[in-house]
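Asks: Structure below; questions to follow.
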Amino acid sequence: MPANAGEHLIRFDIGELKENRFVIIDSGFDGYWGHSYLILKDRGEVRAFLLLTRENRYLMPSKHHLWSASGYCQKLQIKDQVISCEDEDIYDWQKEGWRWNLKGESLSGEFGALEVIDYAYEGRFIAIGKSSR
């Protein structure tokens, strides 16, 4: 393993993260699709998900294609233990389908799950992309 392995991992201070709230962190990756991380806390457990981005919008997962989107969302929310898109200009089928529980599982079954990403605890911080195994 290189001497600088893990040096450039994104670290996030989870000390201020509130229950059933989330933060979205830009990874700084700038390719065809950008990458952001949605980090939330549910009953004391921290979870982290990868969000692909394009033109400042989040690509919503497709059930059948890993690197394909079912559409775009600008504003995500957590309400009543459900992650959803709160954009006003989306179709009804998207409003109903783009709903996930706090484990990232699709509630409608029509769309894919949110992609879980590895992280490791480092005191009050998590290092995103570092496996704790």
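Asks: Could you check how many residues of region 55-71 are touching a residue at least 40 places away in the same chain (Cβ under 8 Å) and under 13 Å from the mean Cα position of the chain (by Cα)?
Replies: The number of residues fulfilling the criteria is 2.
A quick yes/no check of all residues on (1) polar (S, T, N, Q); (2) over 28 Å from Phe12 (Cα atoms); (3) without any contact (Cβ under 8 Å) to a residue 60 or more places away in the chain; (4) out of contact with any helix residue (DSSP H, G or I) (no Cβ under 7 Å at 6 or more places or on another chain):
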site: Arg47; (1), (2), (3), (4): no, no, no, yes
site: Thr53; (1), (2), (3), (4): yes, no, yes, yes
site: Cys73; (1), (2), (3), (4): no, no, yes, yes
site: Gln77; (1), (2), (3), (4): yes, no, yes, yes
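Conditions tested, residue by residue: (1) touching a Ser or Thr at 6+ places or on another chain (Cβ under 7 Å); (2) among the hydroxyl-bearing types (Ser, Thr, Tyr).
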{"residue": "Gln81", "(1), (2)": "no, no"}
{"residue": "Glu86", "(1), (2)": "no, no"}
{"residue": "Ile90", "(1), (2)": "no, no"}
{"residue": "Gly97", "(1), (2)": "yes, no"}
{"residue": "Asn101", "(1), (2)": "no, no"}
{"residue": "Ser106", "(1), (2)": "no, yes"}
{"residue": "Glu110", "(1), (2)": "no, no"}
{"residue": "Val116", "(1), (2)": "no, no"}
{"residue": "Gly123", "(1), (2)": "no, no"}
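Asks: Follow-up. Somewhere in region 56-69, is a residue surrounded by 13 or more Cβ atoms within 10 Å (Cβ to Cβ), over 25 Å from Ile10 (Cα atoms) and not hydrophobic (A, V, I, L, M, F, W, C)?
Replies: Yes.
Asks: Now, a different point. Could you tell me which of the residues Asp118, Asp92 is of a type in the set (D, E, K, R), under 15 Å from Ile39 (Cα atoms) and at pLDDT 90 or above?
Replies: Asp118
Asks: Filter region 37-86 down to residues that are part of a strand (DSSP E or B) and among the acidic types (Asp, Glu), then give me how many there are. Working first, answer last.
Replies: So the first thing to find is which residues in region 37-86 are part of a strand (DSSP E or B), and the list is 37-42, 45-54, 57-61, 69-73, 76-79, 82-85.
Narrowing further to those that are among the acidic types (Asp, Glu): 42, 45.
Qualifying residue count for the region: 2.
Asks: Looking at region 87-133, which of its residues are among the hydrophobic types (A, V, I, L, M, F, W, C), in contact (Cβ under 8 Å) with a residue 24 or more places away in the chain and part of a strand (DSSP E or B)?
Replies: If we filter region 87-133 for residues that are among the hydrophobic types (A, V, I, L, M, F, W, C), which is where we start, we get 90, 93, 98, 100, 102, 107, 111, 113-114, 116-117, 120, 125-128.
Still in the running and in contact (Cβ under 8 Å) with a residue 24 or more places away in the chain: 98, 102, 107, 111, 113-114, 116-117, 125-128.
Passing the criteria: Val116, Phe125, Ile126, Ala127, Ile128.
Asks: So which of Asp80, Asp118, Asp42 is surrounded by fewer than 18 Cβ atoms within 10 Å (Cβ to Cβ) and over 16 Å from the mean Cα position of the chain (by Cα)?
Replies: Details: Asp118 fails: over 16 Å from the mean Cα position of the chain (by Cα); Asp42 fails: over 16 Å from the mean Cα position of the chain (by Cα).
After ruling out the rest, the residue left standing is Asp80.
The values are calculated or read from the model by the stated rules, or taken from the named source; none is laboratory data. It should be emphasised that the depicted structure is a prediction, and the values quoted were computed from it without experimental measurement. Counting neighbours? That spans all protein chains shown, and the Cβs are built from the backbone with ideal geometry, glycine included.
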